[in-house]
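Asks: Right, I'll just put the structure down here and ask away after.
The values are calculated or read from the model by the stated rules, or taken from the named source; none is laboratory data. Please read all numbers here as calculations on a predicted model, not as lab measurements. Cβ placement follows ideal geometry from the backbone for every residue including glycine, while neighbour counts extend to all protein chains displayed.
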Amino acid sequence: MTEATVATSQTSSGVIAKPGLPSQDGKVLISMRNLWKTYDMGAEKVHALHGVSFEVKRGEYLAITGPSGSGKSTLMNLIGCLDTPSQGEYWLNGKNVSEMDDDELARIRNQEVGFVFQTFNLLARATALHNVELPLIYGGIPGAKRHEMAKQALSAVDLTDRMTHRPNELSGGQRQRVAIARALVNHPSILLADEPTGALDTATSYDIMNLFEKLYEDGNTIILVTHEHDIAARARRIISIRDGLIEKDETVR
Amino acid sequence: MSPRSDANPEATGFGRRTSLPGRIRSFPALRVAALWESFLVAAASLRQNKLRTGLTLVGIIVGVTAVISVVTIIKGLDQTVAQTFSSQGSTVFTISKRPRVITSREDFIKFNKRKDITEEDAEAIFRLCTNCWRTGVVANDGVTVKHGNQKADNVQVRAVAPTAMFDIDAVTVDIGRFWSESEGSSAHDVTVVGPDVIANLFPNQSPDRALGQEIWAGGRPYQIIGVLTALGKIFGVSRDNRIYIPFATYKKNFGLNISRGAFSASGVLVVFIQTPTAEQLEGAEDQVRAIMRNRRGKTGRDEDDGFAVESEDVFLNLYSSATANIYLVTIGVAAISLVVGGIVVMNIMLVSVTERTKEIGIRKAVGARQKDIRTQFLIEAVMVTAIGGVVGVLTGFGVAWLIALLIGFPLLFSIWSAVLGVSMSSIVGVISGLWPAWRAARLDPIEALRAE
């Protein structure tokens with residue numbers, strides 16, 4: 001990586017924190033304060049979340065689980081800055097995301113969040129390399145450096161020999177690894193995975209979860225949204241959501 | 001939190017949190033990378049939908065083709081007109097029964113009721129006009145000319161007197177000679193012939209061989225004594241398909257039933273007057289008009305002249321008003337086809353936005369701003385229409401070239417009309433791309449990701 005010129009501070013855990021930010025106390029990365037999300041369905045208002053508060057520290061491996069309709073997808077969209085809360089505050093990496101406009105949210109998604117989706121969500125017409133470059137393109141990284149970073153990201157997920165393949169030439173597991181490379185290429189603060197193994201067979205799921213484990217050990221903050229207990233069990237902390245509220249918040253390992 | 005496998009501070013392997021603080025990392029306002037991405041995506045999308053792209057473009061192509069061909073043709077004609085008329089200058093005017101151009105049936109009836117221009121009128125002008133330099137009288141007719149079993153159709157006959165008329169017409173002989181004043185006035189059966197007639201009657205022969213030969217026109221033989229220097233075409237009409245004969249000869253052979261003509265029904269007497277300079281033209285016109293009004297007994301100030309006084313200015317004015325009208329019509333045609341074309345492009349762009357909702361969602365999820373999505377679709381719309389513009393310019397040039405070839409005038413392909421065509425269509429692209437691009441940009445990323 002070529003960011004060596006920029007000052008970073010080493011913490012005792014080996015995680016490099018971003019200095020001088022409000023959330024620096026105790027390395028809190030995400031701070032949710034009494035989060036509400038209300039959908040206006042014509043006559044009635046549907047409260048998808050009613051008052052959710054929690055914190056996530058840098059370097060955590062967190063799973064959010066709950067049955068469908070529990071509000072976990074809504075929560076994921078909020079964490080991923082695809083949506084803003086109706087009420088409450090969301091601080092991500094020292095920034096109050098809940099007050100941001102569309103373009104600022106785009107910037108946060110570009111630089112602070114790496115998405116991994118159940119259905120991969122790769123551009124069908126683009127090569128693996130181009131897919132991985134996409135966040136860098138919108139981040140304004142110039143061509144040569146962009147290729148370099150994307151190649152490195154792909155080799156980190158063992159896809160060095162598949163860079164010029166299009167998604168339909170790749171297996172499900174390979175596609176998900178491309179998606180993971182894309183999520184990580186811009187060095188986001190959080191890796192946000194929504195049912196990342198939902199479309200994969202058991203063996204491939206196992207591989208992908210091992211990759212997440214490795215990424216966690218490398219110091220990445222991972223938030224996993226899933227309804228599968230054995231997948232959630234791979235995380236170190238599990239937040240269970242039910243009816244728009246946190247039912248349980250436990251450190252499991 | 002579980003104990004972590006502590007990272008080597010020096011390690012720069014992928015996935016280590018060695019990234020920069022967000023506020024230091026770049027997120028510039030103008031991103032060449034994103035723009036280039038938009039270009040590539042647009043080009044790929046157009047390539048993938050070749051037929052659709054082609055059909056989308058029809059309206060734009062028609063509009064641009066219309067503008068480019070008309071502009072190119074008229075520019076070419078302008079050049080011809082400028083060369084033909086400014087070289088002579090407008091020092092010549094004519095007195096005739098009716099104007100050369102009649103725009104309504106009422107006028108035609110009115111002009112036909114006028115008295116014919118007579119030899120006496122011409123003589124009066126010769127005698128009385130002090131501002132006139134050269135004067136001549138011409139009986140125009142049309143005829144088929146024959147030699148042996150060769151013939152030339154629709155030959156213009158100009159029966160002229162005196163020989164100064166050759167100077168007024170600005171014609172010269174290439175081979176042979178004009179008739180002398182005495183030959184003319186004593187009605188010799190001689191003729192000076194245009195090169196087109198020679199080419200038709202004496203094919204594959206040197207024009208010299210035609211000298212002294214007889215040609216038949218209106219049932220009478222005429223001896224060729226001269227061949228005219230070629231004048232070329234104007235507006236596709238050859239000025240070399242004519243013969244000159246002496247006025248007295250015409251009168252001797254056919255009498256002067258001027259309103260009907262001898263050879264055909266088109267013989268009309270016209271008096272030609274030339275002044276030394278263009279500045280003196282108006283004075284001479286006034287004088288001749290006074291002489292003629294006097295002869296026609298027109299005293300009332302508001303009364304119609306009863307004859308037409310015309311200089312080449314009349315023709316030039318007519319030409320410029322005609323071209324102005326053609327431009328107007330073209331602008332109308334182009335505007336309609338561009339509006340229709342623009343609507344088609346807008347429709348296709350809306351379809352494209354719907355088809356690519358998922359893609360838009362993905363791009364937004366990884367950090368594309370509204371502006372980026374908007375730009376992407378705008379670029380696609382402009383790219384489509386600019387291609388239409390280029391094709392339109394090329395077909396427009398092609399059409400102009402074909403017409404120029406058929407009519408016979410030189411063409412100037414101007415880079416400016418090409419620029420005009422492409423920028424015009426690009427503007428249509430921007431306008432018709434705005435709404436689809438805005439819709440694409442405003443898509444909710446969550447909804448968009450859920451598409452398909």
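Asks: So B:Ala451 ticks every box in (1) touching a Pro at 6+ places or on another chain (Cβ under 6 Å); (2) surrounded by fewer than 17 Cβ atoms within 10 Å (Cβ to Cβ); (3) not aromatic (Phe, Trp, Tyr) but one. Which box is left unticked?
Replies: Here B:Ala451 meets the rest and fails (1).
Asks: Okay, moving on. Filter the range A:92-106 for residues that are more than 20 Å from B:Ile360 (Cβ to Cβ) and outside any loop (DSSP other than H, G, I, E, B); which is nearest to the other protein chains (Cβ to nearest Cβ)?
Replies: Within the range A:92-106, the match that is nearest to the other protein chains (Cβ to nearest Cβ) is A:Lys95.
Asks: In addition: Do any helices (runs of 4 or more DSSP H) entirely within the range B:112-207 hold 1 or more residues that are touching a helix residue (DSSP H, G or I) at 6+ places or on another chain (Cβ under 8 Å) and among the charged types (D, E, K, R), and if so, which?
Replies: Filter on the range B:112-207 gives B:119-128.
Asks: Another question, if that's okay. Just for the range B:394-406: of the residues that are surrounded by 17 or more Cβ atoms within 10 Å (Cβ to Cβ) and in contact with a Leu (Cβ under 7 Å, 6 or more places away or on another chain), which one is nearest to B:Lys233 (Cα to Cα)?
Replies: B:Ala404
Asks: Can I ask one more? May I ask you to list the residues in the range A:138-155 that are modelled with pLDDT under 90 and of a type in the set (A, V, I, L, M, F, W, C)?
Replies: A:Ile141, A:Ala144
Asks: Now a separate question. Which one of A:Ala124, A:Ala156 is of a type in the set (Gly, Ala, Ser), within 12 Å of chain B (Cβ to nearest Cβ), surrounded by fewer than 19 Cβ atoms within 10 Å (Cβ to Cβ) and at negative phi?
Replies: A:Ala124
Asks: Is it the case that the range A:116-132 has a residue that's assigned to a strand (DSSP E or B) and in contact (Cβ under 8 Å) with a residue 60 or more places away in the chain?
Replies: For the range A:116-132, residues assigned to a strand (DSSP E or B) and in contact (Cβ under 8 Å) with a residue 60 or more places away in the chain: present.
Asks: Here are the criteria: (1) part of a helix (DSSP H, G or I); (2) buried (at least 17 other Cβ atoms within 10 Å of the Cβ); (3) of a type outside the set (Ser, Thr, Tyr). Tell me which single one B:Phe409 does not satisfy.
Replies: In the conditions (1) part of a helix (DSSP H, G or I); (2) buried (at least 17 other Cβ atoms within 10 Å of the Cβ); (3) of a type outside the set (Ser, Thr, Tyr), B:Phe409 misses (1) alone.
Asks: Moving on to the next point. Out of B:Ile215, B:Ile168, B:Ile224, which single residue is touching a residue at least 60 places away in the same chain (Cβ under 8 Å) and touching a Leu at 6+ places or on another chain (Cβ under 7 Å)?
Replies: B:Ile215
Asks: I've got another one for you. Is it true that B:Arg374 is in contact (Cβ under 8 Å) with a residue 40 or more places away in the chain, within 14 Å of chain A (Cβ to nearest Cβ) and among the basic types (Lys, Arg)?
Replies: Answer is yes for this residue.
Asks: Follow-up. Do we find that B:Gly361 is within 14 Å of chain A (Cβ to nearest Cβ), without any contact (Cβ under 8 Å) to a residue 40 or more places away in the chain and either in a loop (DSSP other than H, G, I, E, B) or not aromatic (Phe, Trp, Tyr) (or both) in this structure?
Replies: No: the conditions fail for B:Gly361.
Asks: Let me ask something else. Taking the criterion of being within 20 Å of A:Leu78 (Cβ to Cβ) and either within 10 Å of chain B (Cβ to nearest Cβ) or of a type in the set (D, E, K, R) (or both), would at least one residue in the range A:159-180 satisfy it?
Replies: No, the range A:159-180 contains no residue that is within 20 Å of A:Leu78 (Cβ to Cβ) and either within 10 Å of chain B (Cβ to nearest Cβ) or of a type in the set (D, E, K, R) (or both).
Asks: Can you find even one residue in the range B:7-24 that is within 30 Å of B:Ile373 (Cβ to Cβ), surrounded by fewer than 17 Cβ atoms within 10 Å (Cβ to Cβ), within 14 Å of chain A (Cβ to nearest Cβ) and modelled with pLDDT under 85?
Replies: Yes, the conditions are met somewhere in the range B:7-24.
Asks: Now for a different question. Report whether or not B:Asp304 is of a type outside the set (Lys, Arg), part of a loop (DSSP other than H, G, I, E, B), at pLDDT below 80 and within 23 Å of B:Phe93 (Cα to Cα).
Replies: The answer is yes for B:Asp304.
Asks: Please work out if B:Leu55 is within 12 Å of chain A (Cβ to nearest Cβ) and either within 37 Å of the chain's Cα centre (by Cα) or modelled with pLDDT under 80 (or both).
Replies: no
Asks: Moving on to the next point. Within the range B:31-52, work out how many residues are within 8 Å of chain A (Cβ to nearest Cβ), surrounded by 14 or more Cβ atoms within 10 Å (Cβ to Cβ), aliphatic (A, V, I, L, M) and closer than 13 Å to A:His130 by Cβ.
Replies: Residues in the range B:31-52 being within 8 Å of chain A (Cβ to nearest Cβ), surrounded by 14 or more Cβ atoms within 10 Å (Cβ to Cβ), aliphatic (A, V, I, L, M) and closer than 13 Å to A:His130 by Cβ: 1 in total.
Asks: Mind telling me which of the residues A:Glu228, A:Glu169, A:Glu213 ends up being surrounded by fewer than 20 Cβ atoms within 10 Å (Cβ to Cβ) and closer than 20 Å to A:Arg58 by Cβ?
Replies: From the options A:Glu228, A:Glu169, A:Glu213, the qualifying one is A:Glu213.
Asks: So, one more: Pairs under 9 Å by beta carbon, first residue touching a residue at least 40 places away in the same chain (Cβ under 8 Å) in the range B:412-429, partner of a type in the set (Phe, Trp, Tyr) and surrounded by 19 or more Cβ atoms within 10 Å (Cβ to Cβ), six or more apart or different chains?
Replies: Listed pairs, sorted by first residue: B:Phe413/B:Phe397; B:Ser417/B:Phe397; B:Ala418/B:Phe397.
Asks: Touching a strand residue (DSSP E or B) at 6+ places or on another chain (Cβ under 9 Å), closer than 20 Å to B:Gly367 by Cα and either more than 10 Å from every other protein chain (Cβ to nearest Cβ) or aliphatic (A, V, I, L, M) (or both), is that true of A:Ile239?
Replies: no
Asks: Which number in (1) more than 8 Å from chain B (Cβ to nearest Cβ); (2) closer than 14 Å to A:Asn186 by Cα marks the one condition that A:Arg109 misses?
Replies: That leaves (1) as the condition not met.
Asks: Identify, by number, the condition in (1) without any contact (Cβ under 8 Å) to a residue 24 or more places away in the chain; (2) under 22 Å from B:Gln370 (Cα atoms) that A:Ala144 doesn't meet.
Replies: Evaluating A:Ala144 over (1) without any contact (Cβ under 8 Å) to a residue 24 or more places away in the chain; (2) under 22 Å from B:Gln370 (Cα atoms) leaves (2) as the failure.
Asks: Could you list, ordered by first residue, the pairs with Cβ atoms under 7 Å in which the first is in the range A:202-221 and more than 11 Å from chain B (Cβ to nearest Cβ) and the second is surrounded by 15 or more Cβ atoms within 10 Å (Cβ to Cβ) and among the hydroxyl-bearing types (Ser, Thr, Tyr), at least 6 apart or interchain?
Replies: What qualifies is A:Ser205/A:Thr197; A:Ile208/A:Thr197; A:Met209/A:Thr197.
Asks: Only one of these conditions is not met by B:Val309: (1) within 30 Å of B:Ala42 (Cβ to Cβ); (2) in contact with an Asp or Glu (Cβ under 6 Å, 6 or more places away or on another chain); (3) away from chain A (no Cβ under 14 Å). Which number is it?
Replies: (1)
Asks: Looking only at the range A:127-145, filter to residues that are of a type in the set (Val, Ile, Thr) and within 7 Å of chain B (Cβ to nearest Cβ); which one of those is surrounded by the fewest Cβ atoms within 10 Å (Cβ to Cβ)?
Replies: Looking at residues that are of a type in the set (Val, Ile, Thr) and within 7 Å of chain B (Cβ to nearest Cβ), I get A:Ile141.
Asks: Can B:Val92 be described as on the phi < 0 side of the Ramachandran plot, at pLDDT 80 or above and β-branched (Val, Ile, Thr)?
Replies: The answer is yes for B:Val92.
Per-residue answers, yes or no, for (1) farther than 18 Å from A:Phe115 by Cα; (2) part of a loop (DSSP other than H, G, I, E, B):
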{"residue": "A:His147", "(1), (2)": "yes, no"}
{"residue": "A:Leu154", "(1), (2)": "no, no"}
{"residue": "A:Thr164", "(1), (2)": "yes, yes"}
{"residue": "A:Gln174", "(1), (2)": "no, no"}
{"residue": "A:Arg177", "(1), (2)": "no, no"}
{"residue": "A:Ala181", "(1), (2)": "no, no"}
{"residue": "A:Met209", "(1), (2)": "no, no"}
{"residue": "A:Arg234", "(1), (2)": "yes, yes"}
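Asks: Which condition number does A:Arg107 fail, the rest of (1) within 22 Å of A:Ala233 (Cα to Cα); (2) without any contact (Cβ under 8 Å) to a residue 60 or more places away in the chain being met?
Replies: For A:Arg107, the failing item is (1).
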